[in-house]
1. With respect to the numbered conditions (1) of a type in the set (A, V, I, L, M); (2) surrounded by 12 or more Cβ atoms within 10 Å (Cβ to Cβ); (3) within 20 Å of the chain's Cα centre (by Cα); (4) part of a helix (DSSP H, G or I), which one is the sole condition not fulfilled by A102?
2. Given the options T93, T123, name the one that is over 18 Å from the mean Cα position of the chain (by Cα), within 19 Å of L75 (Cα to Cα) and β-branched (V, I, T).
3. Right, A54: of a type in the set (G, A, S) and more than 16 Å from the chain's Cα centre (by Cα) or not?
4. Condition (residue is in contact (Cβ under 8 Å) with a residue 40 or more places away in the chain and over 30 Å from S20 (Cβ atoms)) applied to the range 48-63: is it met by at least one residue?
5. So which pairs qualify, if the first residue must be in the range 105-128 and touching a residue at least 12 places away in the same chain (Cβ under 8 Å) and among the basic types (K, R), the second must be in a helix (DSSP H, G or I) and surrounded by 12 or more Cβ atoms within 10 Å (Cβ to Cβ), the Cβ gap must be under 6 Å, and the two must be at least 6 apart or on different chains?
6. Taking T91 and the conditions (1) at pLDDT 95 or above; (2) out of contact with any helix residue (DSSP H, G or I) (no Cβ under 8 Å at 6 or more places or on another chain); (3) among the β-branched types (V, I, T), which numbered condition does it fall short on, given that it satisfies the others?
7. Report whether or not G96 is of a type outside the set (S, T, Y), under 30 Å from I10 (Cβ atoms) and surrounded by 17 or more Cβ atoms within 10 Å (Cβ to Cβ).
8. Identify the residue in the range 27-77 that is part of a helix (DSSP H, G or I), farther than 22 Å from P94 by Cβ and among the polar types (S, T, N, Q) and, among all such residues, is modelled with the lowest pLDDT.
Amino acid sequence: MDTSRLAEEILIKTGALLRSGLKKKTNSFMLGEGFILNSLYDKRDGARPSELAAEMQSSSARVAMALKSLEAKGLIARRPDEKDRRRVIVTITPLGKKEVSAERGRVRKKIERVVEAVGLEDTREYLRILTKMLGVLAEMDVRAQDET
């Protein structure tokens, strides 16, 4: 099998994985509002909406709509930036943290069942190869940035 056919098979299998039950279950959690909550969960000091938009590779208008919805649900809070009062810092509330923790727990449990079915040895091999491929992709991104 040549590299072109292998690349095509990787695309097909990765697409199937992303469309699997795991993806369906977590889709809304990993996109839009869920992405924002996940991001804020890991940021002790919160983030500016523009930072969240850059992370999401989304427009500031879309992020603003998501933030409005999250705030109405009590999952995030906004406060003025102490360094620049014209800017806003978004933080996750205790309720938001609880929701993220619960969803991460559900996803982790599903992945644990997959690991049990596949087996530890194959899972470790998958992770080794995936880590290697991600390293190659990161290196390619660095080279592309250096060329511009």
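The values are calculated or read from the model by the stated rules, or taken from the named source; none is laboratory data. For clarity, every value in this text was computed on a predicted model and none was experimentally measured. Here the Cβ is made from the backbone with ideal geometry for all residues, glycine too, and neighbour counts use every protein chain on show.
1. (2)
2. T93
3. In short, no.
4. Narrowing the range 48-63 to residues in contact (Cβ under 8 Å) with a residue 40 or more places away in the chain: 48-49.
Subsequent filtering for residues that are over 30 Å from S20 (Cβ atoms) retains 48-49.
Taking every residue of the range 48-63 in turn, at least one turns out to be in contact (Cβ under 8 Å) with a residue 40 or more places away in the chain and over 30 Å from S20 (Cβ atoms).
5. Listed by first residue and then by second, the contacts come to K110/L22.
6. (2)
7. The answer is no for G96.
8. This residue is N27.
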